[in-house]
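Below is one structure, written out as structure tokens; comments come after it.
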Amino acid sequence: MNIGTRLYTRLNGELVGEDAHGNRYYQSREAKTAPLYRRKRWVVYKGRVEASKVPAEWHGWLHYTCDAPLDGGARAWVQPHLPNLTGTPAASVPAGDERRGGQRPAATGDYQAWRP
Amino acid sequence: MSVTATPPGSTQPFRFTPENQAKAQAVLARYPEGRERSAVLPLLDLAQRQQGWIDRAVMETVAEMTHTPPMRVLEAASFYTMFRDRPVGRHHVEVCTNISCWLRGSDEVLRALRDELGIDLGGLTEDGLFSVAEAECLGACVNAPMVQIGDDYYEDLTYETTRALIGRLKAGLPVSAGSQGGRQGSCPAGGPTTLTGAPAASDKG
Amino acid sequence: MPKLTIDGIAVDVPAGTTVLQAAESIGIEIPRFCYHERLSIAGNCRMCLVEVKPGPPKPAASCALPVAEGMEVRTNSEMARKARRGVMEFLLINHPLDCPICDQGGECDLQDQALTFGADRSRFQESKRAVAEKNLGPLIRTAMTRCIQCTRCVRFCTEIAGVPDLGMVGRGEHAEIMPYLDGVLGSELSGNLVDVCPVGALTNGAYAYTARPWELAHTESIDVLDAVGAAIRVDTRGAQVMRVLPRLNEAVNEEWLADKSRYAIDGLKVQRLDTPWVRRDGTLKPATWAEAFDVIARRLADVPGSRIAALVGDQVDAETATVLKDLWTALGSPHLDCRQDGAALEAGARAGYVFNTTIAGIEDADAVLLIGTDPRAEAPLINARLFKRFRKGGLRVGRVGLSGRDLIYPVEDLGDDPSVLTAIAGGTHPFAEVLKAAQRPMLIVGQGALARPDGAAVLALARAIAEATGMVIEGWNGFNVLHTAAGRVGALDLGLVPGEGGRDAAGIVSGCAEGAIEAVYLVGADERDLSGLGQAFVIYQGSHGDAGAQVADVILPGAAWTEKDATYVNTEGRVQRATRAVLPPGEAREDWKIVRALAEALGHRLPLDTLAQVRARMVALAPVLGRLDTLAPAGWAPFGRAGTVAATPFAPAVTNRYMTCPITRASPTMAACVRAFLNGNEKRTGTDG
């Protein structure tokens, strides 16, 4: 969070909530409202700034899809939110990649090799 | 699925009889050198008169005589329905079933053929003497209904006259072409309706 | 020069041009199905209707309408568009709605034009007609219900391929395209029917249901399966060559391609050498490149250059030949030959081993003498040019040797005895008068006439005929050698022939048997009988496990022509570039790199590290190879060696027209062609499928 965002949040921000990862969500305090205006919504990340850290229940709120954040994790089939791990050591790599030992089956080949 | 062409394969090679060979040479002589291909249709007709139908052997013989690829002869032979692509009887009866003949009783003619020969359209009698085929309008509407047997038209047919005609052909007796109802050419059926009186006298009375 | 306006644009075209061609000349494309630039005009699809004034107030078929002074043509008026919509509705009446399973989908003229002129529904309530499939052999797959009776295929067979076996039979609703005899389409250009067909009625049998056109990557390249050097487009998906299509090159192949070149590509996936092999204790074992070079280096460490020989194969590109030539110079070995069939061609005068007339030049010839060649089997596209010339009229073709073979145009057989050539050269033979009387006479010498012990004498005799009958005049050279090997002319340009005291191909093989040659390097050389190599150490480099690989002690896997950037010189001497479309399989490498690496293993580090350096060296060795795609006339210089010609008839250069190289021998499609078309009439060779 740079100094500008920090100052802006201090002056205009009204804390709406905080998600499980510790990201804090703000909206502007001003009273100018619909239909001509809507209150600005933003997120202050905890740690590295990475858009995919926003979980689904807050993503909807942040993009004005819903008026309040959804109740995340209330259903049995909802998995905990994971940010995009590309570029981190936990990134997904396919079996056979060098980082997983590089063992892969020999190419079956789209050609038929000669055998004496 | 339509099958139009004479199927490949023939039992034996085709040869013109000596007199037909002479005719064929006369036909070929009509066309300048290098234009023998023009003789394809007359030669096919000649061969059909000799053999009754056109098989692949005929096409190959004609192709050779006219220096034409056999495929071109097959194209011509299959284009014209008057070239027959299957064997026919010695008397090939072509019945017109188009609208004039149909209105005037071509169904009766077909019934007569069925009763007399025991075959339907497209049939061939076991003795190989008769075959019956359907023809599109042969241009004799004024004498409908009619059939074509060989080169001749037999017109003004009824159930009875058709059976009589076929009976005479079966027996090998001579038949007369033209109207079977006794009318001369295409004259009005009930006798003349105009110009019945004597020619008018001269204007100068 | 009639003047007319097309869509308001004034056009000035020669009389006799059709409206469609005139419109094309100013960039207005009129839709068409039956019209094809290289075929006669049929005018039966009616898709090219336009509005023409003055004239009757009805649309006119622009493909069959000659231009006239003051004509006003509107190609896109409401009337023309309405007429085309009507035609399209009729065409679609009997056309099946099977685009999703049709191989033509995505490159179909009917599909494309239906997008513009087709209705979104049909008013046709009756049953559609169905047409029985026809058997046109293993190369062409038919779906005749899709046929729109444009008759392009019929006209192609009659006018280009010279085998009038296809025709439109029946009439009206019952009209259908069929061959005269089932399964026999005796043309070696039949694959072009697939390109000519505007719909999916005739499709590529080998490519059926394997790819969609939008999935394919296109690489423009050159065909090397015969010596014509046809321009091709290699269509690939991933690492596989899916199909080969002809490209336009008016000077060589126009827009046609021989069946072998189009269909042999499935041979690229079979019998491939994908790893080096080394013979240990009598059996070949897979090895790494390092091991293979190590074995070679140790075996050849104390073998003098004079006991090492190289045989260069038929599809060796000029880059490989360049590096090989430099390596052999470095080794000091004179034993090097690119003429594995023993053809008596010399590397000296270029006019003595190329097709001087040029392929397009055939169209100007008026008398042709064929000497021991069957162009229909050896170079179908050159035969098609001869047929094109024949159709213009006034061509006389004489033939010495290989008589009785059907060449689709009439040929006068002058006898099988080569002594006829002496008579023609001496002016005592009647055909000599024909050649002398001709304005532009030419002769074609086949490899069958040269690959014999007295080949040099035959070549000298052919030269004598050319000179005696006025074939070599200002602006015309009628002396032609027809090659069957795509790499031969390039190798001769680079001088891959025995040096001073060197052995030729036959000498190398016999030298191996005698022990005079201790090691032989076969660079793609498979077309000789290699059983007699005796105790010699055999290094084979090539793309396929064929005759050479069987006898090799070390196998170095090379690349096929679709897998390397390479220069090939066709039989005319035209230098052309093939482009890499896919990578070589497994451990295989581009051939010039293998030779370069081998040179280093043998202790001769050549200063050729990049393709650019190799090409610069190639041009330095043979400046003529620096001139791409265009031809310069070769100067007339002495070649051949006068001598007596034996009375033995000429042997055919190509004994099996579908199998002439390792790739075609490996191809299942070519094996199917041999079964379907040759019926055992032509001898099978080598290790055919």
Sparse-neighbourhood loop hits (GluC sites (Glu not before Pro), segment C:15-60; DSSP loop; Cβ within 10 Å at most 10 others) -> C:GLU29, C:GLU37
Using θ = phi - 60° and the Karplus relation 6.51 cos²θ - 1.76 cosθ + 1.60, list the HN-Hα couplings for segment C:267-280 in order, rounded to whole Hz, with x at every Gly or Pro.
x, 6, 9, 10, 6, 7, 8, 10, 8, x, 10, 10, 7, 10
Once you've got the Cα coordinates, tell me which of C:LYS325/C:LYS564; C:LYS260/C:LYS388; C:LYS260/C:LYS564; C:LYS53/C:LYS388; C:LYS53/C:LYS82 are over 27 Å apart.
C:LYS53/C:LYS388
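What FRET efficiency comes out for the pair C:LEU583/A:LEU82, r = Cβ-Cβ distance, R0 = 41 Å, nearest 0.05?
Details: r = 38 Å, r/R0 = 0.92.
Using R0 = 41 Å, I get an efficiency of 0.65.
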Neighbour-count order for C:MET618, C:MET242, C:MET1, fewest beta carbons within 10 angstrom listed first
C:MET1, C:MET242, C:MET618
In nm, to one decimal, how far is the modelled label at C:ARG627 from the one at A:VAL49, with both set 7 Å along Cα→Cβ?
6.5 nm
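Assuming R0 = 56 Å, what is the FRET efficiency of C:MET1 and A:ALA20, from their Cβ-Cβ distance, to the nearest 0.05? Provide the component values of the computation, followed by the final result.
Working: r = 84 Å, r/R0 = 1.51.
Efficiency computed from Cβ-Cβ geometry: 0.10.
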Taking amide H positions as placed 1.01 Å from N in the peptide plane, with prolines and chain starts having none, which residues 5 or more places from C:GLU254, or on another chain, fall under 5 Å of its amide H?
C:ASN249
When C:HIS429, A:HIS63, B:HIS92 are ranked with the fewest other C-beta atoms within 10 Å first, the list becomes A:HIS63, B:HIS92, C:HIS429
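Taking K and R as +1 and D and E as -1, what net charge do the other residues with C-beta under 15 Å from the C-beta of C:PRO57 add up to?
Working: positive: C:LYS53, C:LYS58, C:ARG74, C:LYS82; negative: C:GLU51, C:GLU72, C:GLU78.
Summing Lys and Arg as +1 and Asp and Glu as -1 gives +1.
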Using the Karplus curve 6.51 cos²θ - 1.76 cosθ + 1.60 with θ = phi - 60°, what ³J(HN,Hα) values do you get for each residue of segment C:510-524, in whole Hz, with x for Gly and Pro?
5, x, 5, 5, 7, x, 6, 10, 9, 9, 10, 10, 9, 9, x
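Counting Lys +1, Arg +1, Asp -1, Glu -1, what net charge surrounds C:HIS218 among other residues with beta carbon under 9 Å of its beta carbon?
Values: positive: C:ARG233; negative: C:GLU220, C:ASP235.
Every neighbour counted, the sum reads -1.
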With a ≥ b ≥ c the root eigenvalues of the C-alpha gyration tensor of segment C:530-680, is it rounded (a/c under 1.5), prolate (a/b larger than b/c) or oblate?
rounded
Nonlocal amide H pairs with A:VAL16, under 5 Å, H built at 1.01 Å:
A:TYR25, A:TYR26, A:GLN27
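Sorted from fewest to most neighbouring beta carbons within 10 Å, what does the list B:MET71, B:MET65 look like? If you can, show how the numbers build up before the last one.
On the way: B:MET71 24, B:MET65 19.
Lowest to highest Cβ neighbour count: B:MET65, B:MET71.
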Counting other Cβ atoms within 10 Å of each Cβ, which GluC sites (Glu not before Pro) in segment C:188-273 have at most 11 and sit in a DSSP loop?
C:GLU250
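Near A:ASN23, within a Cβ-to-Cβ distance under 9 Å, what is the net charge of the other residues, with Lys and Arg +1 and Asp and Glu -1? If you can, show how the numbers build up before the last one.
Values: positive: A:ARG24, A:LYS46, A:LYS53; negative: A:GLU18, A:ASP19.
Once all neighbours under 9 Å are counted, the net charge is +1.
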Per-residue [θ]222 nm for chain C (sum of -39500 (n - 2.57) over DSSP H runs n ≥ 4, rounded to 500)
-7000 deg cm²/dmol
Quick one: if you stick a label point 7 Å off each Cα along the C-beta vector at C:ILE101 and C:ASP120, how many nm between them?
2.6 nm
Taking Cα atoms, the helix C:380-391 axis meets the longest principal axis of chain C at an angle in degrees (rounded to 10) of 50 degrees
Could you pull out the longest piece of chain B with no exposed loop GluC sites (Glu not before Pro) in it, calling a site exposed if DSSP puts it outside H, G, I, E, B and it has at most 11 other Cβ atoms within 10 Å?
B:34-125
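Readers should treat all values here as calculations from the given coordinates under stated rules, not as data from a laboratory. Only a predicted model underlies this, so the values are computations on that prediction, with no experimental measurement involved. Every residue, glycine as well, gets a Cβ built from its backbone with ideal geometry; the counts of neighbours run over all protein chains shown.
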